[in-house]
Amino acid sequence: MFDVIIAGCGPTGAMLAAELRLHDVRVLVLEKETEPVSFVRIVGLHIRSLELMAMRGLLDRVLQHGRRRPAGGFFAAIPKPVPKGLDSAYSYLLGIPQPVIEHLLEERATALGAQVRRGCAVAGFEQDDEGVTVELADGEQLRSRYLVGCDGGRSTVRKLLGVGFPGEPSRAETLMGEMEVGVPQEEIAAKVTEIREPHHRFWLRPFDQGVYSVLVPAAGVSDRAEPPTLEDFKQQLRTIAGTDFGVHSPRWLSRFGDATRLAERYRLGRVLLAGDAAHIHPPIGGQGLNLGVQDAFNLGWKLAAQIRGWAPETLLDTYPAERRPVAADVLDNTRAQIELLSTEPGPQAVRRLLTELMDFNEVNRHLMEKITAIGIRYDFGAGPDLLGRRLRDIDVKQGRLYGLLHRGRGLLLDRTERLTVGGWSDRVDYLADPAAELDVPCVLLRPDGHVAWIGDDQRDLDDHLSRWFGKPAD
C-alpha cells in the first residue's frame, strides 16, 4: 500500500512527489505516456518558482539549463521595463526547455525515493474511510491512502471524481511552433514590426541558428487534440503577413486556445486536484506551469503532515482555501490580457490607456507581482502586512535564508534569542540571529516560506505552532 498515488508526472506531479518524499511518504507516480515529452518547447520560470527552487536546493542546477531574461513586459505583451522595487533576489525570468525542467523535477523525485511508472493510466478509483483503490487501464488495482490528480486539463481523475469544471470554452486559437525559415533575418524583422502593431498574437522570433519561434492566429477553433500541420502555419502566415517566410523543417507544432476553467472543488475526501487538473487558462503571461508547481509546493507538506499523523485537523483544508483563490485571480488576469490582445477598437483603446498607466512604477510593479506570484498574501487573520506573504531570501548568519529550508520543514527565525520551538523541534527548525534582515522581532515560516506568525511572545508563538504544526511531541 502506498501513502499517495499521483496521476501525472508533469512538473506539478513530479514536484509534489519530491515534496512528499522529503517527509518519507511512500509515493507512486503514474504517467500514461510511455516516454517523456520530446519536443523542445521553451517555458518560463517566474520569480516565485525560482524562489521555490532555491528553497529546495534546486536552483543552481536549473540555472545551468536555462537562459535569463529581464522580468518585464509580460502583461499582455505590453513592452515595459522591469519595475523598480521587486522584492526578490531572483528578479528575472528563466527560459528553460520543457523536457529539461520536467526531467530535473522527475529526477529529483526519484532520487528522493519516489516510484514512477510510465505507460500506466488511471481508469477508475473508489475511496473509503481508509484510502483509495485505484484501477489502471490494464485492470491492475493499487491501494493508497490518498490520490492526487495532476493529470492535466483533460484530467481523468477530476472527471471520475465528478467535480465540475465550469468556465468558458475557447473562442480563438493560436498556432505556435519552432521551425526554420527561408528568408533573411532583416526581412523578417521588418515585416514583424509592421504586422505586430495591429496583430499582437503574431511574431517570428529567432530561437536558435536558423530556427524561429513562430506565433500566428489560427483560422478557427478545432479539437486541440489534433496538432496543426506546417501547411496550417503557411496559410495563416500568408493571410496575416502576405508571405509564409519560407518556413520549413518544424521542430514542433502546437495550438492553444483561450479556454478558461476552474474546478469547483480541489478536494473531495481522499482525492485532491492540482495543476491543470484544477485550472486551465490561456498561456499568456507564462503562468500555467508556475501555478501548478506552486500548487504542489503548497500541498506537499500539508498532505505529508496528514499522513505522518501530526497535521492539525483543518490543515489539509487550507490547501484549497489558499490555492483556489490564487488560481481564480490568475484566470482573471489572463482573461484581461486576452481582451487586450484583441484587434477591436474598444480593447485597443483600453490597451493604450493601460500602456500609459504602466508608466507609473507602482502599476507596473503591481501587475508584475501578479504575473510572478510574489504578490500573493494568504489570509492568516489580522496582523502586519507581512503575515501570510512569502519572505524573500534574506541574509542570515548561516548564509541565505532559503538554504535553511532545503528539508521542507518549518523555521523559527528569532532575532530576540529568547524563544524556542520546544516540542515541535521534529517539524520546525530554529535559528537565533539578532542581525537578520528583518523589521520585526521574530517570524515563523511554514515549509513553503510563507510567514505564519510575527511577534516575540512565547505563549503566542506556541499557539501558532499548534495551529500549523499540530500538537507538540511528548
Largest-first principal axis extents of the Cα set of the stretch 325-474 (Å): 67, 30, 28
Area of Met176 that stays accessible when all protein chains are in place (1.4 Å probe, Å², to 10): 30 Å²
Identify, among Leu438, Ala76, Ala304, the residue whose Cα sits farthest towards the positive end of the charge dipole of the chain, taking +1 on the Cβ of Lys and Arg and -1 on the Cβ of Asp and Glu, with the dipole about the Cα centre. Ala76
Selection of GluC sites (Glu not before Pro), the stretch 89-144, meeting DSSP coil and at most 12 other Cβ within 10 Å: Glu130, Glu140
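Using a 10 Å Cβ count of at most 16 others and DSSP loop calls, identify the longest part of the chain lacking such chymotrypsin sites (Phe, Trp or Tyr not before Pro).
After excluding every exposed loop site, the longest remaining stretch is 40-359.
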Which of the residue pairs Lys191/Lys234; Lys84/Lys370; Lys80/Lys370; Lys80/Lys234 have a Cα-Cα distance greater than 22 Å in the structure shown? Lys80/Lys234
Once both label points are put 7 Å beyond Cα along the C-beta direction, the Glu33-Lys471 separation in nm becomes 4.6 nm
Helix-derived [θ] at 222 nm for the chain: sum -39500 (n - 2.57) over DSSP H runs of at least 4, divide by residue count, nearest 500? -10000 deg cm²/dmol
Is there a quick way to get the dipole size of the chain? I mean about its Cα centre, with the Cβ of Lys and Arg at +1 and of Asp and Glu at -1; what is the value in debye to the nearest 20? 340 debye
Potential lengthening between Lys159 and Val183 on full extension [0.36 nm per residue; Cα-Cα distance subtracted]: 3.9 nm
Apply the Karplus curve 6.51 cos²θ - 1.76 cosθ + 1.60, θ = phi - 60°, to the phi angles in the stretch 148-157 and return the couplings in whole Hz, x for Gly and Pro. 10, x, 10, 9, x, x, 9, 2, 5, 4
The stretch 378-429: trypsin sites (Lys or Arg not before Pro) in DSSP loop, at most 11 other beta carbons within 10 Å: Lys397
Put a dot 7 Å past each Cα toward the Cβ at Arg117 and Val350; how far apart are the dots in nm? 4.8 nm
What distance in nm separates the simple spin-label points at Gln235 and Thr314, each placed 7 Å from Cα in the Cβ direction? 5.6 nm
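Could you list the trypsin sites (Lys or Arg not before Pro) in the stretch 30-87 that lie in coil according to DSSP, counting only those with at most 10 other Cβ atoms within 10 Å of their Cβ? All intermediate terms of the calculation are to be shown ahead of the outcome.
Values: sites: Lys32, Arg41, Arg48, Arg56, Arg61, Arg67, Arg68, Lys84; in loops: Lys32, Arg41, Arg56, Lys84.
Sites meeting the loop and neighbour criteria: Lys84.
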Given a 1.4 Å probe, how much area per residue of the chain is accessible, in Å²? 43 Å²
Going by a ≥ b ≥ c, the root eigenvalues of the Cα gyration tensor, does the stretch 391-466 fall in the rounded group (a/c under 1.5), the prolate group (a/b larger than b/c) or the oblate group? oblate
For the chain, the accessible surface attributable to carbon and sulfur atoms (probe 1.4 angstrom, ligands and nucleic acids excluded) amounts in percent to 48 percent
If you find the alpha carbon centre of the stretch 370-427 and of the stretch 250-273, how far apart are they in angstrom? 31 Å
Could you tell me which helices of the chain pass both thresholds, a Cα extent of 27 Å or more along their own axis and a mean Kyte-Doolittle hydropathy of at least -0.5, with helices taken as whole DSSP H runs? 288-308
Taking the DSSP beta bridges in the chain as the whole, what percent of them are antiparallel, to the nearest 5? 70 percent
Give, in nm to one decimal, the length gained when the segment between Ala382 and Glu226 is fully stretched (0.36 nm per residue of separation minus the Cα-Cα distance). 51.2 nm
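The values are calculated or read from the model by the stated rules, or taken from the named source; none is laboratory data. Only a predicted model underlies this, so the values are computations on that prediction, with no experimental measurement involved. Neighbour counts are summed over all protein chains in view; Cβ atoms, including those assigned to glycine, are modelled from backbone coordinates with ideal geometry. Side chains included, ligands, DNA and RNA excluded: accessible areas come from the protein's heavy atoms. Shrake-Rupley method; radii C 1.70, N 1.55, O 1.52, S 1.80 Å.
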